[in-house]
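Below is one structure, written out as structure tokens; the observations come after it.
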């Protein structure tokens with residue numbers, strides 16, 4: 001019996017992309033019954049890189065003939081072919097021990113300096129890049145997905161994430177590091193804060209401006225941010241200044257709230273794909289309910305203002321939707337919809353969102369204050385809400401084609 005001296009051989013094919021290249025090469029492998037162990041292909045601006053990992057005895061005349069046939073088939077298609085032997089033991093160990101992570105990189109644009117910093121940080125943490133894919137389709141390179149292999153424990157991953165977010169933020173780059181798993185691409189519940197997240201304004205500031213108490217409300221907000229009041233106390237004090245405001249004005253304001261850029265696109269895609277989407281807000285229910293109706297959301301939770309004889313009484317109806325209540329509502333909705341928390345996304349911009357973002361599978365600080373960026377899984381500092389879809393592995397082309405349908 002002839003001894004099998006097959007080794008792992010990596011075949012790399014490069015050249016101008018055209019139909020039939022893969023068919024020609026796999027025809028040689030099929031006819032020679034050469035075991036195919038792996039295959040990957042990428043095309044960048046019409047330039048093909050195609051890799052086959054095969055088991056082949058290149059020292060045997062039969063193996064040598066197969067290799068010649070592969071070279072001939074590649075040349076017939078105008079391609080270059082190179083080969084090298086792979087250490088089988090290292091191949092098995094690396095595929096067994098390493099875990100794959102997806103890094104979403106967003107900027108305006110993503111510069112060569114940013115990519116150098118990213119790759120240098122990954123190298124220092126012994127993370128190996130396995131693929132890079134462009135997500136955006138604008139003139140600038142504004143979004144990428146980088147898949148990396150990392151043979152590290154959870155603590156090492158945490159340190160890598162901290163380094164990436166800290167060092168790349170100085171380049172104006174947003175980073176999300178997620179385990180590449182089924183749950184990353186199969187989130188099922190998305191909750192959004194309302195004021196300065198889903199919409200471009202703070203409803204209470206608009207009401208205060210109209211009612212002539214803008215400065216007084218702004219002072220309480222400033223003092224709350226400096227720790228003098230908690231959210232509940234500051235909300236009650238600000239709402240008290242609105243006593244006597246006609247509730248009809250709040251209704252009219254709710255009908256014309258300016259959505260943040262990309263809000264409609266985000267919600268249309270998510271709803272079209274079967275996600276549950278809604279609002280959890282420390283703002284006011286009149287505005288949240290109106291947005292729920294306009295955008296076709298599944299739910300809206302916010303604070304309720306007491307009215308009497310068509311005017312605000314200056315009182316907030318308990319319970320107040322504060323930071324803890326927001327997190328509890330996220331968990332309650334997920335339980336009600338039978339959705340695991342690791343398949344949820346929470347999006348917000350302020351300290352009142354921190355607990356909700358921490359409890360979600362993916363917490364995103366959107367154009368947020370620094371304190372929230374530190375608490376969130378990731379952040380979006382530029383662009384619109386549609387960029388959230390990139391974290392789910394969708395590309396701009398996917399999104400555009402879906403919306404066109």
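Could you list, in sequence order, all residues of the range 132-174 that are in contact with a helix residue (DSSP H, G or I) (Cβ under 7 Å, 6 or more places away or on another chain) and in a helix (DSSP H, G or I)?
Hits for the range 132-174 are 163, 164, 167, 168.
Could you please find all residues in the range 1-39 being touching a residue at least 60 places away in the same chain (Cβ under 8 Å) and in a strand (DSSP E or B)?
7, 8, 9, 10, 11, 12, 13, 14, 15, 16
Scan the range 257-266 and tell me whether some residue there is at pLDDT 95 or above, in contact with a strand residue (DSSP E or B) (Cβ under 7 Å, 6 or more places away or on another chain) and on the phi > 0 side of the Ramachandran plot.
No.
Restricting to the range 250-288, count the residues that are surrounded by fewer than 16 Cβ atoms within 10 Å (Cβ to Cβ) and over 22 Å from residue 380 (Cα atoms).
Number of matching residues: 7.
Does residue 305 fit the bill of being in a strand (DSSP E or B) and either surrounded by 17 or more Cβ atoms within 10 Å (Cβ to Cβ) or touching a residue at least 12 places away in the same chain (Cβ under 8 Å) (or both)?
Yes, satisfied.
So which residues in the range 41-64 are touching a residue at least 12 places away in the same chain (Cβ under 8 Å), within 19 Å of residue 84 (Cβ to Cβ) and not in a loop (DSSP other than H, G, I, E, B)?
Selection gives 41, 42, 48, 49, 50, 51, 52, 53, 54, 55, 56, 63.
List the number of the failed condition for residue 401; all other conditions in (1) in contact with a strand residue (DSSP E or B) (Cβ under 6 Å, 6 or more places away or on another chain); (2) under 20 Å from residue 271 (Cα atoms) hold.
The one condition residue 401 does not meet is (1).
Taking residue 81, is it touching a helix residue (DSSP H, G or I) at 6+ places or on another chain (Cβ under 7 Å) and either modelled with pLDDT of 95 or more or closer than 30 Å to residue 168 by Cα (or both)?
So residue 81 fits the description; yes.
In the set 114, 127, which member is in contact with a helix residue (DSSP H, G or I) (Cβ under 7 Å, 6 or more places away or on another chain), closer than 25 Å to residue 371 by Cα and at pLDDT 90 or above?
Among 114, 127, only 114 is in contact with a helix residue (DSSP H, G or I) (Cβ under 7 Å, 6 or more places away or on another chain), closer than 25 Å to residue 371 by Cα and at pLDDT 90 or above.
Could you grab the pairs with beta carbons closer than 9 Å, sequence gap of 6+ or different chains, first residue in the range 234-260 and closer than 23 Å to residue 309 by Cβ and outside the structural domain of residue 205 (by TED's automatic domain parsing), second one surrounded by 14 or more Cβ atoms within 10 Å (Cβ to Cβ) and at pLDDT below 95?
none
So which residues in the range 163-185 are within 10 Å of the chain's Cα centre (by Cα) and closer than 16 Å to residue 119 by Cβ, if there are any at all?
175, 177
Considering only residues that are touching a residue at least 60 places away in the same chain (Cβ under 8 Å) and either assigned to a helix (DSSP H, G or I) or touching a strand residue (DSSP E or B) at 6+ places or on another chain (Cβ under 9 Å) (or both), which ones fall in the range 338-350?
339, 342, 343, 344, 345, 346, 347, 348, 349, 350
State whether the residues of the range 205-219 include one that is assigned to a helix (DSSP H, G or I) and within 21 Å of residue 357 (Cβ to Cβ).
Taking every residue of the range 205-219 in turn, none turns out to be assigned to a helix (DSSP H, G or I) and within 21 Å of residue 357 (Cβ to Cβ).
So, of the residues in the range 193-226 that are touching a helix residue (DSSP H, G or I) at 6+ places or on another chain (Cβ under 6 Å) and free of Cβ contacts under 8 Å to residues at least 40 places away in the same chain, which turns out to be surrounded by the fewest Cβ atoms within 10 Å (Cβ to Cβ)?
Result: 214.
The values are calculated or read from the model by the stated rules, or taken from the named source; none is laboratory data. Predicted model, so just to flag it, every value in this text is computed and none were measured. Every residue, glycine among them, receives a Cβ derived from its backbone with ideal geometry; neighbour counts consider all protein chains shown.
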